């Protein structure tokens with residue numbers, strides 16, 4: 001299927017203060033104002049059409065202060081993980097399930113396995129420190145996530161009618177995924193290995209739909225509703241607790 005012609009977009013970013021709240025304002029080539037509040041601390045972002053001035057953005061934000069406060073209160077009440085130390089007894093997540101880490105020191109090649117649907121056994125060399133254990137676990141997450149993604153890309157290429165030239169996995173602090181439309185390249189956050197597969201699938205579909213529609217507009221929403229009707233439910237689940245000590249948003 002031939003990809004639609006993509007027009008280049010203009011963006012302008014700055015901040016304003018509304019009733020003591022800092023609001024990130026992003027002006028784009030879009031038709032309507034869009035407000036979002038992101039975890040973990042309730043960052044406020046307004047996407048505005050290029051023609052809309054700051055006063056209009058301020059009034060728009062004021063009209064939704066009640067909703068903003070409710071969203072921020074919800075994030076404040078969410079459970080968060082402390083920084084990981086990679087010691088036995090710690091909670092770690094994989095594909096949406098919580099496991100207890102069991103660290104065993106043993107000579108040989110480091111390895112990880114799941115035992116009794118409860119334990120995440122990590123075999124490391126004697127004397128390994130926190131950084132080494134984290135490296136072993138991170139590499140395992142990366143391998144597992146790539147194995148999950150591999151069949152999903154061609155599945156959704158056929159359904160959506162687009163082609164991905166390249167995809168890969170990397171650690172990202174502010175996005176679950178990104179799409180370079182011109183290169184048709186998709187990056188997926190390594191942290192998705194800790195989330196249920198339908199959440200991973202939602203991000204894959206989200207990024208691939210950008211090959212049909214660049215912006216988060218009505219057409220984009222229509223595509224998402226068509227290809228993945230429960231996508232909004234998956235988005236909410238993706239951003240629910242437990243949040244890591246470093247957090248991501250979408």
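Where a number appears in this text, it was derived from the coordinates with a stated rule and is not lab data. On a predicted model such as this, the values are computed, not experimentally measured, just so you know. Neighbour counts are summed over all protein chains in view; Cβ atoms, including those assigned to glycine, are modelled from backbone coordinates with ideal geometry.
Note on segment 12-76: Kirkwood radius taken over Cα pairs, Stokes-Einstein applied at 25 °C and 0.890 mPa s, translational D equal to 207 µm² s⁻¹. Mean residue ellipticity at 222 nm, helices only, the chain: -10500 deg cm²/dmol; runs of at least 4 DSSP H residues each add -39,500 (n - 2.57), and the sum is divided by the number of residues. Across 61, 150, 178, mean-square fluctuation computed from a Gaussian network of the chain (C-alpha pairs under 10 Å connected) peaks at 150.
Largest GNM mean-square fluctuation among 88, 128, 193, using the chain with Cα springs under 10 Å: 128.
Pairs of Cα atoms nearer than 8 Å and 6+ residues apart set the relative contact order; for segment 169-215 it is 38 percent. For q values of 0.10, 0.17, 0.21, 0.23 Å⁻¹, compute log₁₀ I(q)/I(0) with the Debye formula on a Cα-only model of segment 147-233, without solvent. Rounded to two decimals, the profile gives -0.21, -0.65, -1.03, -1.26.
Return the equivalent ellipsoid semi-axes of segment 68-208 as a descending list in whole Å, where each equals the square root of 5 times an eigenvalue of the C-alpha gyration tensor.
Numbers: eigenvalues 181, 88, 36 Å².
So the three semi-axes of segment 68-208 are 30, 21, 13 Å.
Placing a pseudo-label 7 Å from each Cα along the Cα-to-Cβ vector at residue 14 and residue 29 gives an inter-label distance of 2.2 nm.
Most simply put, segment 12-76 has about 65% antiparallel DSSP beta bridges, counting only bridges with both residues inside it. Using C-alpha pairs below 8 Å separated by at least 6 residues, the relative contact order for the chain is 17 percent. Put one equal scatterer on each alpha carbon of the chain, apply the Debye formula with no solvent term, and list log10 I(q)/I(0) at q = 0.07, 0.15 1/Å to two decimals. Computed log10 I(q)/I(0) values: -0.30, -1.15.
Largest GNM mean-square fluctuation across 181, 160, 114, computed for the chain with C-alpha springs under 10 Å, falls on 114. Working from Cα pairs under 8 Å separated by at least six residues, relative contact order for segment 12-76 is 30 percent. Spin-label model, residue 98/residue 237: points 7 Å from Cα along the beta carbon direction are separated by 1.8 nm. Quote the FRET efficiency, to the nearest 0.05, computed for residue 144 versus residue 183 with a Förster distance R0 of 30 Å and r equal to the Cβ-Cβ distance. With R0 = 30 Å, the Cβ-Cβ based efficiency is 0.70.
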